[in-house]
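Taking it in order: structure first as structure tokens, then the write-up.
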Amino acid sequence: MSMNTTENLPEWLHSFIYETLGGYYQPDRIAARDNLNSGEKENQRYLGTYFPRSYTESYCIFCNLFENAEYQNMMKDRDTLRLLSFGCGTGGDLLGLMGAIAEKLPWIRILDIVAYDGNFNAVDMLKKIVEHPAVQQRFETVPSPDYSPVPMKDRKDFDLFCSCLKGFDVIVSMKMVNELCTRGIFSENPIGQFMEGLYPHLDGKGVMLVSDVPIKPTWKGRNDYMPVFLTEGLRSFLAAHDDASAIVPIPCHTKGVDCKNRCYPVETFYGNVFTSESLSYCMVAHKEVADAVCPALKDSYYRVNDNNEYCAMIGGKGVKDAFDINSK
């Protein structure tokens, strides 16, 4: 049995983003690649079109982690989580994460949130969503969420922002690396450089999710798709950090450093506003955490995408989902 990849927006959230905040559905994949200079109308389109997708993706990915017995055991004495959403936009990834916490970690009552994005209008919409009574009745946000609507002009801005971070239980960044590459902040090994900047600011039991859509970037450099960059970036990051390990894709937990393959890891998600959306992602943590949470590799074929492609580093009998932390 594979992880759940289907989730609809809660009724209160669906009503709020479409009826109160003016979100509307109008796909435009080219415009969605870079939202730094988007105005209110463009952000309403993004809110109504892509926010639901990020919500579903984040919710399903983190539910799969949070229902893991070993992870729950590590968090059982906590009542507070410190969260960073890097490239938060209008907040789909953050709200999906919060929804997963609310459902799978019911004893967590307090959230300490830092949300960064370069677009002022998008951050303002996120603030309104987090201030909704449905959120405030479930969580206490102490101190008040730290929203940082500051554009990044170059690599120095990225490094400066990272230098101000500390001690997060969850770092999530969805579909941000391509935007940074488009603006010239990263060139070679973008996923690896991005992870290098954020990883030092994970708490001892923290996890970091980095993802992007499976597109061919428009920035100068190699003619490859983002899942290939993600695989190569994860591999270089793990090679440089003996204290870190991958949680997903599962084969990367023990095979990631030795692997030389150009994998295309992609999971497909489904929701009520969109039919399907593909996402390439990885999750890393300190080695002790990853060792506890990640299941032992079986002599099986691990499916890495819906095109019947499998991890080339292991095989055997049966097929398993490379993204399902709770596979037996």
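Val142 versus (1) open to solvent by 40 Å² or more (accessible area, probe 1.4 Å); (2) at pLDDT 95 or above; (3) hydrophobic (A, V, I, L, M, F, W, C): which is the lone unmet condition?
The number of the failed condition is (2).
Could you please find all residues in segment 234-257 being open to solvent by 60 Å² or more (accessible area, probe 1.4 Å) and farther than 21 Å from Asn305 by Cβ? Give the derivation first.
First pass over segment 234-257, keeping only residues open to solvent by 60 Å² or more (accessible area, probe 1.4 Å): 239-240, 242-243, 254-255, 257.
Result: Ala239, Ala240, Asp242, Asp243, Val257.
Taking the conditions exactly as written (closer than 16 Å to Tyr71 by Cα and at pLDDT 85 or above), does Glu267 satisfy them or not?
Working: closer than 16 Å to Tyr71 by Cα: no; at pLDDT 85 or above: yes.
No, not satisfied.
With segment 226-328 as the region, which helices (runs of 4 or more DSSP H) entirely inside it contain at least 2 residues that are aliphatic (A, V, I, L, M)? Let's see the steps before the verdict.
On the way: elements: 226-240, 252-255, 287-293.
The qualifying helices (runs of 4 or more DSSP H) are 226-240, 287-293.
Would you call Phe186 in a helix (DSSP H, G or I) and buried (at least 19 other Cβ atoms within 10 Å of the Cβ)? Spell out how you get there, then give the answer.
Values: in a helix (DSSP H, G or I): no; buried (at least 19 other Cβ atoms within 10 Å of the Cβ): yes.
So Phe186 does not fit the description; no.
Do we find a residue being more than 21 Å from Ser2 (Cβ to Cβ) and among the small types (Gly, Ala, Ser) anywhere in segment 212-222?
Going through segment 212-222, the residues more than 21 Å from Ser2 (Cβ to Cβ) turn out to be 212, 215-222.
With among the small types (Gly, Ala, Ser) added as a condition, the list becomes 221.
Yes: segment 212-222 contains one or more residues that are more than 21 Å from Ser2 (Cβ to Cβ) and among the small types (Gly, Ala, Ser).
Select from segment 213-229 the residues that are touching a strand residue (DSSP E or B) at 6+ places or on another chain (Cβ under 6 Å) and buried (at least 22 other Cβ atoms within 10 Å of the Cβ) and write down the one among them that is farthest from Ser245 (Cα to Cα). Outline the logic, then answer.
Residues of segment 213-229 touching a strand residue (DSSP E or B) at 6+ places or on another chain (Cβ under 6 Å): 214, 226-227.
Still in the running and buried (at least 22 other Cβ atoms within 10 Å of the Cβ): 226-227.
Working: Met226: 21, Pro227: 18 Å.
Per the criteria, the residue is Met226.
Inside segment 58-103, can you point out the residues that are more than 17 Å from the chain's Cα centre (by Cα) and of a type in the set (Phe, Trp, Tyr)?
Tyr71
Residues of segment 258-282 being over 17 Å from Arg53 (Cα atoms) and either open to solvent by 40 Å² or more (accessible area, probe 1.4 Å) or aliphatic (A, V, I, L, M) (or both), which ones?
From segment 258-282, those over 17 Å from Arg53 (Cα atoms) are 258-265, 282; that's our starting set.
Passing the criteria: Asp258, Lys260, Asn261, Arg262, Tyr264.
Which numbered condition in (1) of a type in the set (A, V, I, L, M); (2) at pLDDT below 95; (3) under 16 Å from Met176 (Cα atoms); (4) assigned to a helix (DSSP H, G or I) is the only one that Ala115 fails?
Condition not satisfied by Ala115: (4).
The values are calculated or read from the model by the stated rules, or taken from the named source; none is laboratory data. The model shown is predicted, which means the values in this text are computed figures rather than measured ones. Note that we place each Cβ from the backbone using ideal geometry, even for glycine, and neighbour counts take in every protein chain shown. Heads up: the accessible areas ignore ligands, DNA and RNA and are worked out on the full protein's heavy atoms, side chains in. Shrake-Rupley method; radii C 1.70, N 1.55, O 1.52, S 1.80 Å.
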